[in-house]
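Right, one structure below, let's go through it.
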Amino acid sequence: MTVPLHPDDSRQPVPATTPFVLEKTPLERYVAPEKPSLIGLSRSGLAEALGSIGVPAAQRKMRVQQLWHWIYTRGVQGFDAMTSVSKQLRAALDAHFTLARPEVMAEQVSVDGTRKWLLRLPSEHPGERPHEVECVYIPEADRGTLCLSSQVGCTLTCSFCHTGTQRLVRNLTPGEIVGQIMVARDRLGDWLGTERAKAPGLPTEGDRYVSNIVMMGMGEPLYNFEAVRDAINVAADGEGLSISKRRITLSTSGVVPMIARAGAEIGAMLAVSLHAVRDDLRNELVPLNRKYPIAELLEACRNYPGLSNARRITFEYVMLKGVNDSAADAKALVRLLKGIPAKINLIPFNPWPGTRYECSDWDQIEKFSEIVFNAGYASPVRTPRGRDILAACGQLKSATEKLSARERLALRAMAMTD
Ligand code: SAH
Ligand code: SF4
């Protein structure tokens, strides 16, 4: 089924994309690298790594500071480039470690600037095929949002989500999560001292192409809590990647017991995949609801630290035709969220082969969005005229498929967290 785009002619047509270009041949079996990568280590992890190659304790803090700068501000890919580090230490680092990022298997660049990378990650067991995850970059004039994966597959089985049907599940390491940011910055030339990529659609304001992060790719980030926490802390470090936690959004399907911990230990912006206003329906769409029903989920949201009108929780709501998209649902949604500083993201459903759902008709999305809007919530599907509402994250497929116009439509709606 194709969803009609907004009937308003002033919207830009959905631009064409380049083919999904395979850069590497798929491997039958994963071969482990000989040396570990330093990407994703915390400052203390880096100090330990330095200790392991004989750097005296008294020097470690200063060395960490140097390495941090080279790795996360300059984005260097080899120790040789670290000119402020002594030759001897550079050689020792090179003998034991790398600065490797996840391998880019394929890249797709859309003329609207959206980019998708297919990344290869090690399998869990020796001899298995490597895993693949996707990472998507969604640029707008004043920002560039990167949609990151936290797991290969997902253990939860939301009935409308393609990731939920995938069998393979492995948690990503902090290095693999941070590595997605590194890859994007490499590809965009988004490092201090490197030449920025020039292409239509890339942000024209701000001094960074990657300015925002959403944890909305594959996986449930709160089921990979420590790695996600550590990765976000690396990403937010003001002397490195420097992406402020106000610009990092973690999306959860509602792992209630972890929400308070996320507030205390991560402190990023929170997005909650609500998708239904009644427990019976949410049980079906997001089966985790049977464990943590709506009332408990909203209570955890109310207690999320630091909420204010300037710091709201984003409630994601996927628009499923005839399932959750009635005017009565919209009114119930508004009532339900009363008293919580909230934003509502209406996400056009992105269909996948074999799904039993369809995306709501555009008229219905408009009606729903109007009710939400009239209740005082800016609703992102009502973007200003003339602007495209493209592009998707959670529904990324691991095949080397082109990012369809439909997918980009959903993606962009999801990425609108502020
Ligand atoms: N596991 C987390 C984050 C990844 S999914 C979560 O569920 O929140 C990111 C978002 O994409 C979620 O709101 C999810 O419900 C939504 N999503 C998943 N599949 C989708 C699809 N086919 N169409 C539109 N949105 C989808
Ligand atoms: Fe997992 Fe999120 Fe998909 Fe649900 S929507 S199956 S939690 S990735």
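The values are calculated or read from the model by the stated rules, or taken from the named source; none is laboratory data. Keep in mind it's a predicted model, so treat the numbers as computed, not measured. Heads up, the Cβs are rebuilt from the backbone with ideal geometry, glycines too, and the neighbour counts pull from every protein chain shown. To get the accessible areas, we keep the full protein, side chains included, count just its heavy atoms, and leave off ligands, DNA and RNA. Shrake-Rupley method; radii C 1.70, N 1.55, O 1.52, S 1.80 Å.
Could you list all residues from region 264-315 that are of a type in the set (Gly, Ala, Ser) and not in a helix (DSSP H, G or I)? GLY267, ALA268, ALA271, SER273, ALA276, GLY306, SER308, ALA310 - these are the residues of region 264-315 that are of a type in the set (Gly, Ala, Ser) and not in a helix (DSSP H, G or I). With respect to (1) closer than 21 Å to LEU118 by Cα; (2) at pLDDT below 95, the lone exception for GLU34 is condition (1).
Only one of the listed residues (GLY267, GLY339, GLY322) is open to solvent by 10 Å² or more (accessible area, probe 1.4 Å) and under 24 Å from the mean Cα position of the chain (by Cα). That residue is GLY267.
Every residue, every condition in (1) at pLDDT 95 or above; (2) within 16 Å of ligand 2 (Cβ to nearest atom); (3) in contact with an Asp or Glu (Cβ under 7 Å, 6 or more places away or on another chain); (4) not polar (S, T, N, Q), yes or no:
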position	(1), (2), (3), (4)
SER244	yes, no, no, no
THR252	yes, yes, yes, no
PRO257	yes, yes, no, yes
ALA262	yes, yes, no, yes
ILE266	yes, no, no, yes
ASP280	yes, no, no, yes
ASN283	yes, yes, no, no
LEU288	yes, yes, no, yes
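When every residue of region 116-128 is checked against the conditions, at least one turns out to be open to solvent by less than 20 Å² (accessible area, probe 1.4 Å), in contact with a Phe, Trp or Tyr (Cβ under 6 Å, 6 or more places away or on another chain) and not in a strand (DSSP E or B).
Note on region 352-393: residues that are modelled with pLDDT of 75 or more, assigned to a loop (DSSP other than H, G, I, E, B) and in contact with an Asp or Glu (Cβ under 8 Å, 6 or more places away or on another chain) total 1. If you check GLU220, GLU226, GLU195 for being at pLDDT 95 or above and surrounded by fewer than 18 Cβ atoms within 10 Å (Cβ to Cβ), only one passes: GLU226. Counting only residues that are in contact (Cβ under 8 Å) with a residue 60 or more places away in the chain, small (Gly, Ala, Ser) and surrounded by 15 or more Cβ atoms within 10 Å (Cβ to Cβ), how many does region 27-67 have? Residues flagged as in contact (Cβ under 8 Å) with a residue 60 or more places away in the chain, small (Gly, Ala, Ser) and surrounded by 15 or more Cβ atoms within 10 Å (Cβ to Cβ) within region 27-67 amount to 3. Say we look at region 137-187 and pick out the residues that are of a type in the set (D, E, K, R) and outside any helix (DSSP H, G or I); which of these is farthest from LEU281 (Cα to Cα)? Applying the filter and picking the extreme gives ASP142. Annotation for region 279-286: at least one member residue is within 13 Å of ligand 1 (Cβ to nearest atom) and either touching a residue at least 24 places away in the same chain (Cβ under 8 Å) or within 28 Å of ILE181 (Cα to Cα) (or both).
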